[in-house]
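Throughout, read-outs are computed from the coordinates displayed, never taken from laboratory work. Source: prediction; values computed, not measured. Neighbour counts are summed over all protein chains in view; Cβ atoms, including those assigned to glycine, are modelled from backbone coordinates with ideal geometry.
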Amino acid sequence: MPVLKSPTLLERDLSHTSRLQVKVLTGAAASALIEDPGFRQRWTALSDRCPWSTVFQTHDFVCPWYRVFATKYTSVVVTASDDSGELEGLLTLAWSNDSKELLVAGTHHAEYQAWLSTPEASNAFIEAALKQLQQQFPAAGSLRFLYLPPLAPLDWIAQGRAWSKHCELVPESRPLMTVGDGSQFAAALAKKRYRARINRLNQIGPLCFEQILDPDELERIFDELVTLCDFRHGAAHGTLPFRNNSFKQPLYLALARVPGLLNITVLKLGDKIISAQINFKDRDAVMLGTLMHSPSFGEFSPGTLHMYFLGLALARRGVTTLDLTPGAGYKNRFATHNDQVHLLTLFLRWDVTLRHRMKKTCKRAGRKLCGLVGLEPARAVDWLSRVTRTARITHSPDALVTRRNADQRRFQVYSWTADQIRKLPPSTGVVRDRLQDLLCFKGLEGVANTMAFLKPALTKLEAGSHVFTQTENDLLLYEAWLIGAADRSILPGIREQFSAQFQSPVIYAIEEHEPGRGQESYANFVAGIIRETAGPDVTPEVYVLVRPEQRSLQHVVEKLGATFRRHIAMAIRSPESQGDV
């Protein structure tokens, strides 16, 4: 009696491939298909059967994304059905109308990118889908999945398979946090340092942690969240996620109207939001999404407090895991364990594959050369980036700090007494601590310029300093800073120059961003910041520091009746950011 051999993995894939009916739909045909209620039911059933599916492969996420980005991307949907018509595979993609690239639907808004299929068709479907895409999109050079979730099949790119030489697979650690019964979060909040911060915040106003369930309420506060997000990202990374992407806000507002898709929480001090998170729900887990917090409360670590309050809230709701998503830094501080995801890049043309191989060869040669001369590759890359950096820094209040031998700053010191302050002319348009005004600076172009302007502002706000601004038609006209009690970049030097008992308010870094407005407009701003600083009861004295090159400002303060006190020179240290979540 012959021995029956079980089919090999390759034989099973070939068998499955032969009976799969793969179709590629684009544009209107694709949109009509995914909006069809019957197809959506089959889509949901397939997602439930797929072991590696995430919320970003469901129609709850993909369909709103397609609608919001309809003018930017053309829908591309790849389906696979068996002989009976049952859906066995689905890959939702987008063709960029601008860059002419093939992308996974959701692009960077989808934290995890993958195809859906039944376990039996896991390898067969993706191979058949890619073959069809190569035929219908000959101009597409590559397709990238960032990040491919755990359990996603990788057998089809194993050595010896057709795609093994036309892809790059990079593993990435994913930090996860077990929620459990929430006792660890309660214990963290009970620690002395966090208990003291919470008590101090409650002295300012009632501290409250809330979940936003009403989409209309989210819409009312969204502009405030956008400002907090863009300001922090601009200072830390030189990017403005919402201001530079007009589709992002409509996308989140659309997703918020899908029941059970988002987990939106805010930490409020009275009626002021000091921290917020827009996260995604995925079965019994919550995925970290967009985080933001107010730099004016940086000393209290509002982002960290938010994470602990969130953990308590998730524990009460029975959520088992907080997916911190791939990335280093603060995420590893909260992680209880890690698993692995992958960045998978597929090269759809031979010339793209060849360029990739040549690039890898050059990198290997560079590393070998670094080894021969005893130089670490990372240091070599850093050196090259510094040598070739030619970004144009159009403005920074602390620009001199970045220059060699610029730690010594010279100032002319002027002051107004209470009587002089009362004689100042009335002014309009001056506001205090409005972050969105700083985002109206017209020089926020490019990573270097954005960071050069916003990073010093962030560190000063975190140190307790206050900013005065005036804008017109979404354009920043003027800016000035009131030194905070914890601003170590300048306050100690001021106290040393005057006396240990020096306590009067000090304004510095007054900047005129649109000189064409004239001195009358400039004087209106300066008078306004002096009045705002003095307050309704009028403090005994207010000081202003003027740099020697600011001749226009010197003329304005003298015209407004200020008294020249003296010249001073002192060291200015650039304070580091608090580094909260």
- Query: If we count every other residue with Cβ under 13 angstrom of THR533's Cβ, Lys/Arg +1 and Asp/Glu -1, where does the sum land?
  - Reply: -2
- Peptide ranges 260-267, 98-105 listed from the most packed, as the mean C-beta count within 10 angstrom indicates: 260-267, 98-105
- Task: Please tell me which of these pairs span more than 20 angstrom C-alpha to C-alpha: LYS23/LYS248; LYS72/LYS100; LYS191/LYS281; LYS165/LYS360; LYS100/LYS359; LYS423/LYS559?
- Result: LYS23/LYS248; LYS191/LYS281; LYS100/LYS359
- Exposure-ranked with fewest Cβ neighbours within 10 Å first, TRP95, TRP163, TRP65 stand as TRP163, TRP95, TRP65
- Positive-end residue of ALA190, VAL226, LEU253, charge dipole of the range 180-319 with Cβ unit charges: ALA190
- Query: Can you give the convex hull volume per residue for the Cα atoms of the range 9-171, as a whole number of Å³?
  - Reply: 112 Å³
- Item | In the range 244-313, trypsin sites (Lys or Arg not before Pro) in a DSSP loop with at most 14 other beta-carbon atoms within 10 Å | ARG257, ARG283
- Query: Assuming R0 = 41 Å, what is the FRET efficiency of HIS337 and ARG200, from their Cβ-Cβ distance, to the nearest 0.05?
  - Reply: 0.75
- With a ≥ b ≥ c the root eigenvalues of the C-alpha gyration tensor of the range 180-319, is it rounded (a/c under 1.5), prolate (a/b larger than b/c) or oblate? oblate
- Query: Cα to Cα, under 14 Å, and not fewer than 8 places away if on the same chain: which aspartates and glutamates meet these conditions relative to LYS460?
  - Reply: GLU299, ASP398, ASP433, GLU479, ASP487, GLU576
